[in-house]
Amino acid sequence: MKSIEFGDLPKRFNINERELHWRKRWSEMGVEKRDPNAPREKSFVIDSPPPTVSGSLHIGHIFSYTHQDLLARYKRMTGMNVAYPMGWDDNGLPTERRVQNYFSVRAERNVPYIENLDVEAKRAELGLKKDRQLVINRQNFIELCRVVTEMDEIVFKQMFDRMGYSIDWNDEYATIDDKSRRIAQRSFLDLYQKNHVYQLESPTMWDVDFQTAVAQAEVEDREKGGAYHDIKFGVFEEDAPVKSFVISTTRPELLAACVGITAHPDDERFKGLFGKHAVTPGFFAKVPIFPSTEADPEKGTGILMVCTFGDQTDVAWWREEGLELRQILGRNGRILDHQFGGDDGWASTNPEKANENYQTIVGKRIPSAKSLVVDLMRDPANSATGNGAPLQDEPKQILHPVRYYEKGDSPLEYLTTRQWFVRMLDKTDQMIEMGRKINWHPEFMRKRFENWTENLNVDWCISRQRYFGVPIPVWYPLDDQSEPQYDQAIIATPDMLPVDPESVAAPGYDESQRGVAGGFAGEPDIFDTWFTSSLSPQTVARWGDEDDQMNTLFPMDVRPQGHDIIRTWAFYTIAKAMLHQESVPWHNINLSGWVLDPDRKKMSKSKGNVVTPVDTLDRFGADAVRYWSASFKLGTDASHDEAIFKIGGKLVTKLYNAGKFVLGQTADDGPIVNELDLAFIAELKEVVRIAGEAFEKFEFSVALQETEKFFWGAFTDNYIELLKRRSRSEDDPAGRASAVATLRLGLNVVLRLFAPIVPTITDEIWSWVFAEETGHLSIHKAAWPTPEELDSIPAPDVAGSFQAACDAISAIRKAKSESSVSLNRELLSLVLEADELGQSDLRLVLDDVAAAGGAESIGFAKGTPTADWRYTAHIEAAEAPEKK
RNA sequence: GGGCGAUUAGCUCAGUUGGUUAGAGCACCUGCCUUACAAGCAGGGGGUCGUAGGUUCGAAUCCUACAUCGCCCACCA
C-alpha cells in the first residue's frame, strides 16, 4: 500500500504555485473535453454566458461563472458528458466605444478604406492633436474592433483558466465570428420566411449620441431634474380668439412640434374646448383639441400639448387622431431646419413670426433650444391671444423620471425612422407558456420574466444604426430616381451566409449596380447584439451548419445568468427557440445574485466600487474564491466579505493537513470491522446522499455546507482524534488495519465531495496516492461518490455509536478544559456520568473513547443528561510530563 | 403606483413538508506548543427569530396587516 512521506511535502500548501501546475495537467489530461458523439440523455449541456468583452472582468463575473463550473465538474463526475462552451460577446456598442477611446478614432461612411491601417502613423501624417479623433472607414473601424476584442479575450481566458473553469475551448465562439454571424443571419432568414419580422417607418426610441434606435429592453428610467413651464395657448373659433388655457410642460423646446391638445373628456374645465382649435404661441400653428381618457386631470394643469414626439403617448395620440407630423428633431439631436407657412403640415397663422422664432433654435441641441424657446415665451409679441407673455410664471423645478438608453448619456427621443422588428406583442401568452416549461432557480425569478412579458408594449426593434455587429442580410432595389424600394427587400439566400450587403452584391445583381438608378443598395444597419447572443444555444449546436449538433445539444440543460438580464438575454433566447424550434432553449435557468460591496451596494464601474479579482486571487487562491462563491445560494446577493475568503483558505490548508495525516499512515489497511469505523462510514454515507441530492437540485451551497460540517466536525475534530492511538497501535493489528482503511476511505470520499468546489487542493491530495490506486489520474475524472458505493460496508451494531463517541469525547475535553489540563494529558481515572441509553450507545466504542481521552478505561456513574450534555466526565489527571 | 425578495447572535449567513432546548463561521472571553494542522485544538458567553394580530396541542416556519431595506416594472404633460 502506498503512503506518502511527510518530509516530501512542504509544511504549507502554496496554492498559487500548485494552481499553475494543475491547470496545465487538466488541460493535458483533457478533463474538460466532451465527446461529440455522446447521446443527448447522457449529456449535460451548459449555455454559458458570453461575457461582454469590454475591458476587465470583475469579481461579480467570477462569482457567477464559478456557479457554472461547480455544476460542470459535478455532472462530469456523475458520468455525464458535459458540454461547457464559452463565447465572447464582442460585437456591439461597448466595443465600439472602447475602440473609439483606445485609438481615438471615429467611423464615418464615405471615407475610403485604408489597407493595413496604422492609426498612429496616420494621425502623425495628418498632424492630428491628441484630443482629435481620426475619421476612418467602417471596415477599418471593424478591424480595430477585432484587434481590441482579441486582446481582451486573451486576458479573460487567462482569468477563467486561473479560476480553474473546466471550459471546453473546442466550443469557443465569439458573437462576431463567422459562425455566429452565419447563424444570426440564418435566424433572420427563418424569421422572415415565417413572417415574424417586418420593417416599418415609424416613431422609434432613438439615442441621439449613438444615433441609433434602441429596444424597449435597453431602456432605463433615471430620475432627473426638470421644470414645469406654464404656457398660455389661444382657443380659436372661425379664426377668432375666443378663450385661452394654460398648459404645463417640461419640454417647451417641442412647442414648434405641437400638433394637438388634449384633456380628459370628463374634465369640466375643458369640456367646451373639444372640437375647437388651439393656436400655439410663438409658432401660431392651428392644432385640434380632442378628448382623451389617457389625460390625467390631476397632472399639471390637466390639459397638455401633443408633440411629434415627446413620449410614447404622443406617438399613440398622433396615430389615433391622425395628427400632422412635425418632426423638428434630427437624428443627431439637433433641431432641423423647416419653413412654417406651407400646406405640408407646417401651416401657421403668422408664418413670418413663426419662422423668425424657429430660426433661433435651428441647429441647436435640446438644452439650448429649451432655454431659447422659454425666452421667446417671455415676449408678449409671441402670444397666441394678444394678451401678455405666453409664459405665465417662472419655471417650477421638479425631479422626474426620464427615459435613457441604458448605455447612453442623453434622454431618448422618439424619431421617425425605418427599422426592422420581430413581432412579439402577439406572442406574449405563448412566451409565458414557454417560461412555465422551464425550471427557474430560484423559482420566484420566473415572476420577473412574466411581469416583463405581460408589460411589453412594442415589438422587438432589431436594427441598429451602428458598425460593429452582424449585418442585416438584405438589399433594396433602387428605382430610376435611385431611391430604395424598401417594400421590395431582397433577402440573402442561405448559401451566401454570412454576408455583408455593403460589400457583396444582392443576388441577381452585379457589384457595378450598387447605388445606381435601377441597381441596388445594401442595408446599412446591423442587428441588435441581443439578436445574436440570444442564439447562444443554436450557435453552440451549430444550427443549420454541416456539422449541426442540435440533436445532441439542444434543448440545453441549463442557462446560468444574472437576474438583471432576464428581460433581455433570457427573454430573447426563449423567444428565438420558440420561433425557430418551437421549443424551450433549455430546461433550467440558474440566476446568480450580485456581489455587493461592504455598504451593500451593487458593484458597478460607475460607482467605482469594483473589486478586481486578481488581487483577491493572489491573496487567497482560486480554491478559496470558489469556496466563497459556492457558499451562496442561487439568486442570493453576495457580500464581498474577506472573512469568507479566509475560511475558504483555511479549508484548503485543513484538507492538505488531513490528507498528509491520513495518507501518511504506513500500516496496511484491512477490512473495516470496528464499531466506531462502521459508525463513521454510516455517517459519511448520509452526507454523500445529502450532497448528491443537493447538487442535483443545483443547491451547491447545501452540498458544501454538509460536506464541510462533516469534514471539519465529524472527520478531523472527532474521528481522527478518536482513532489516533488505534491507528498506531501495535497491539491491535486488526483494529489498526480497520482504522487505516476507514481513514483512507473517508478521505477518498470527502475529497470527491469537495472536488467540484475546491478542485486544486483535492486533485493535489488525490495525486499522492489515490490517483495511482484508482487509475483515475485526476480526481475530476473519478466518479462522484454514491451511497451505493458504500453499501459493502456493514452498518454499525449500534446506530448511535458515532454520535455517542463524539459526545463522550466532548465531555472529557470539557472536563480537561475546565481543569486547565492539556488535552493530551494522561488520565489516572475517567468516570462518565450517563443515563442507561447513553451507556448503551457507548458500549461498543468505549476503547476508542478511553484511548482518545488518555485513559486506560472508562467507568460509569449513574446520571441524567443535562440540556447540553449527555455525558459528564469526572477526571483525575496524571502529572504533566516534564517539559524538554 | 404594480410586482418580487429580505428582515434570525456584534458581523456574514443556514434553518428542508410547522415538532424537543433556534444553528454555523467570523468576532469576543478562557484554556491548551497536542509528532496532520498555532493559518491549529478545546471550552465559554451572546438571540423575546422586524412589529402587531390570527390559525394550531405546538409557529423563525402558515395567514393578515404594518414597518424598514433591496430589486424588477410602470410613471416624461
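Readers should treat all values here as calculations from the given coordinates under stated rules, not as data from a laboratory. Source: prediction; values computed, not measured. Positions of Cβ are backbone-derived with ideal geometry, glycine not excepted, and every protein chain shown enters the neighbour counts.
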Kirkwood Rh for the stretch A:465-610 from C-alpha pairs, in Å, is 18.4
Just to check, using Stokes-Einstein with a Kirkwood Rh over alpha carbon pairs, what's the diffusion coefficient of the stretch A:711-780 at 37 °C and 0.692 mPa s in µm²/s? 253
Which of A:Gly735, A:Pro794, A:Asn110, positive extreme of dipole for chain A (C-beta unit charges): A:Gly735
Principal axis dimensions, largest first and in whole angstrom, of the stretch A:238-387 by Cα: 41, 32, 28
Check each of the GluC sites (Glu not before Pro) in the stretch A:729-803 and keep only those in coil by DSSP with at most 12 other C-beta atoms within 10 angstrom; list them in order. A:Glu730
Express the Stokes-Einstein translational diffusion coefficient of the stretch A:560-710 in µm² s⁻¹, to the nearest whole number, given a Kirkwood radius over alpha-carbon pairs, 25 °C and a viscosity of 0.890 mPa s. 129
What does the convex hull of the Cα atoms come to per residue for the stretch A:3-81, in Å³? 167
Answer with one residue from A:Gly544, A:Ala811, A:Leu704: the one whose Cα lies farthest towards the positive end of the charge dipole of chain A, charges on Cβ with Lys, Arg +1 and Asp, Glu -1. A:Ala811
What is the set of long-range amide H partners of A:Ile136 at a cut-off below 5 Å, with H atoms built 1.01 Å from backbone N? A:Arg106, A:Ala107, A:Glu108
Apply the Karplus parameterisation 6.51 cos²θ - 1.76 cosθ + 1.60, with θ equal to phi minus 60°, to every residue of the stretch A:847-855 and state each ³J(HN,Hα) to the nearest whole Hz, in sequence, with x for glycine and proline. 5, 5, 5, 4, 4, 5, x, x, 10
Starting with the fewest neighbours, write out A:Asp267, A:Asp47 ranked by other beta-carbon atoms found within 10 Å of each beta-carbon. A:Asp267, A:Asp47
Taking the Cα atoms of the stretch A:307-463, what is the range of coordinates along each of the three principal axes, in descending order and whole Å? 66, 36, 28
Just the Cα atoms of the stretch A:419-514: what Rg and Dmax do they give in Å? 19.3, 59
Which residues' amide hydrogens lie under 5 Å from the amide hydrogen of A:Ser348, considering only partners 5 or more residues apart or on another chain, with H built in the peptide plane? A:Gly341
What's the ranking of A:328-337, A:751-760 by average number of surrounding C-beta atoms within 10 Å, highest first? A:751-760, A:328-337
Just the Kirkwood number for the stretch A:42-86, please: inverse of mean 1/r across all distinct Cα pairs, in Å, one decimal. 11.5
Measure nothing but the geometry: give the 0 to 90° angle between the long axis through the Cα atoms of A:59-77 and the longest principal axis through the Cα atoms of chain A, rounded to 10°. 50
Taking θ as phi - 60°, what are the ³J(HN,Hα) couplings along the stretch A:374-383 by the Karplus curve (6.51, -1.76, 1.60), each to the nearest whole Hz, with x for Gly and Pro? 4, 4, 4, 6, 7, 8, x, 5, 9, 5
Asserting the computed 222 nm helical MRE of chain A (DSSP H runs at least 4 long, -39500 (n - 2.57) per run, divided by residue count, to nearest 500) equals -11000 deg cm²/dmol
Most positive-pole-ward Cα, A:Val458, A:Pro203, A:Trp169, against dipole of chain A from beta carbon charges: A:Trp169
What is the helix-to-structure angle for A:700-709, meaning the angle in degrees between its Cα long axis and the longest Cα principal axis of chain A, kept from 0 to 90 and rounded to the nearest 10? 20
Relative contact order for chain A: what is it in percent, counting Cα pairs under 8 Å that are at least 6 residues apart? 14
Whichever aspartates and glutamates have a C-alpha closer than 18 Å to that of A:Lys697, once near sequence neighbours (fewer than 8 apart) are set aside: A:Glu41, A:Asp47, A:Asp69, A:Glu443, A:Asp557, A:Glu686, A:Glu706
Can you tell me the equivalent ellipsoid semi-axes for chain A? Use √(5λ) from the Cα gyration tensor, largest first, whole Å. 71, 33, 24
To the nearest 20 Debye, how big is the dipole of the stretch A:577-692 about its Cα centre, given +1 on the beta carbon of each Lys and Arg and -1 on that of each Asp and Glu? 580
Amide H neighbours of A:Ala227 under 5 Å, at least 5 residues apart or on other chains, H built in the peptide plane: list them. A:Ile398
Convex hull volume of the stretch A:112-161 per residue (C-alpha atoms, cubic angstrom): 96
Could you give the semi-axes, largest first, of the ellipsoid that matches the stretch A:499-578, computed as the square roots of 5 times the alpha carbon gyration tensor eigenvalues and rounded to whole Å? 35, 17, 8
On alpha-carbon atoms, Rg over Rh for the stretch A:73-210 using Kirkwood Rh? 1.08
Given the pairs A:Lys179/A:Lys427; A:Lys24/A:Lys781; A:Lys194/A:Lys447, which are separated by over 19 angstrom at their Cα positions? A:Lys179/A:Lys427; A:Lys194/A:Lys447
Got the relative contact order for the stretch A:112-215 handy, in percent, Cα pairs under 8 Å and 6 or more residues apart? 13
About its Cα centre, the stretch A:789-849 carries a charge dipole, from +1 on Lys and Arg Cβ atoms and -1 on Asp and Glu Cβ atoms, whose size in debye to the nearest 20 is 420
Principal-axis tilt of helix A:93-103 within chain A, Cα atoms, nearest 10 degrees: 90
Diffing the stretch A:575-592: the Karplus 3J(HN,Hα) column from phi (6.51, -1.76, 1.60, θ = phi - 60°), in whole Hz with x for Gly and Pro, holds 4, 4, 4, 5, 6, 8, 10, 6, 8, 6, x, 7, 8, 9, 10, 9, 9, 7
The stretch A:679-805, relative contact order [Cα under 8 Å, separation at least 6], %: 32
Charge dipole magnitude, Cβ of K and R +1, D and E -1 - chain A, Cα centre, debye nearest 20: 1580
